Amino acid sequence: MDTIVLAVVLLSLARLIWRALGRPRVVIHESALQVIGLFDRYWIPLRCVRGVDTGHGLRIRISGGDDVPVFAFSNSMIDRGKTVEAAAAEIRKALAGRRADQAAQTDQAERVKRRIDWTWWDLAVIPLPVVLISGVFGLV
C-alpha cells in the first residue's frame, strides 16, 4: 500500500511541477500573442494589446481595461535566464514591429479568447489531495 501511495504522490507532484515550471510561456505570432498559463491559455490579437506592465510580475494590458497575467516571467524559477523587464522589452519590441503592419486592418471580429486548458494527464493531480487528507486522518 505504501508503494502505491508513494507512486500516486510522485505522479501527482510531477504533473504539478510540469504545469508550473515547464508549460507557461508567451508565444509571439504574426497577428497575436499566445499566453499559456498554469490552467488556461489566452489568444490576444495584437490590436487588442494596450501595453505591458511589470509592476507586480508581468501583465499584458488588453482593451477593455483587463489584464492577462503572465506566469512564465513572474519572478519564478521558469524565467529561463530572463528578467521580467527583459521579457517585457521583448514583447514590446514584437508589438511595435507587428502593430505597424496591421494598422490598415480594422476587423473588429477578433477578440481576446481565453480557454481552460486541461488534458487527460491532469487527472493525475486529483489523487494527491485525497491521499494527503487520508494521511491526515490516518486512513493510509
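Residues that are in a loop (DSSP other than H, G, I, E, B), within 24 Å of the chain's Cα centre (by Cα) and surrounded by 10 or more Cβ atoms within 10 Å (Cβ to Cβ) were ranked within segment 97-140; the one that is modelled with the highest pLDDT is VAL112. Listed by first and then second residue, the pairs with beta-carbon distance under 8 Å, at least 6 apart or on different chains, first residue in segment 119-140 and within 20 Å of ILE36 (Cβ to Cβ) and touching a residue at least 12 places away in the same chain (Cβ under 8 Å), second of a type in the set (Ser, Thr, Tyr) and open to solvent by less than 70 Å² (accessible area, probe 1.4 Å), are ALA124/SER12; VAL125/SER12. Of all residues in segment 3-16, those satisfying the criterion of being within 18 Å of ILE133 (Cα to Cα) and either without any contact (Cβ under 8 Å) to a residue 24 or more places away in the chain or open to solvent by less than 60 Å² (accessible area, probe 1.4 Å) (or both) are THR3, ILE4, VAL5, LEU6, ALA7, VAL8, VAL9, LEU10, SER12.
For first residues located in segment 77-100 and closer than 14 Å to ARG59 by Cα, partners that are part of a helix (DSSP H, G or I) and modelled with pLDDT under 80 and lie 6+ apart or on another chain with Cβ distances below 8 Å form the pairs ALA87/ASP79.
Scan segment 84-96 and tell me whether some residue there is assigned to a loop (DSSP other than H, G, I, E, B) and modelled with pLDDT of 80 or more. Taking every residue of segment 84-96 in turn, none turns out to be assigned to a loop (DSSP other than H, G, I, E, B) and modelled with pLDDT of 80 or more.
Yes or no, residue by residue, for (1) modelled with pLDDT of 90 or more; (2) within 17 Å of ALA88 (Cα to Cα); (3) of a type outside the set (Ser, Thr, Tyr):
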| residue | (1), (2), (3) |
| --- | --- |
| ARG15 | no, no, yes |
| ARG19 | no, no, yes |
| VAL26 | no, yes, yes |
| LEU38 | no, no, yes |
| ILE44 | yes, yes, yes |
| GLY55 | no, yes, yes |
| PRO69 | no, yes, yes |
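Take the residues of segment 17-28 that are touching a helix residue (DSSP H, G or I) at 6+ places or on another chain (Cβ under 9 Å) and closer than 19 Å to ASP67 by Cα: which is surrounded by the most Cβ atoms within 10 Å (Cβ to Cβ)? Among those residues, the one meeting the criterion is VAL26.
The values are calculated or read from the model by the stated rules, or taken from the named source; none is laboratory data. All values derive from a computational prediction rather than experimental measurement. Because the Cβ atoms are built from the backbone with ideal geometry, glycine has one as well, and the counts that use them run over all protein chains shown. Remember, those area values only see protein heavy atoms, side chains included, never the ligands or the DNA or RNA. Shrake-Rupley method; radii C 1.70, N 1.55, O 1.52, S 1.80 Å.
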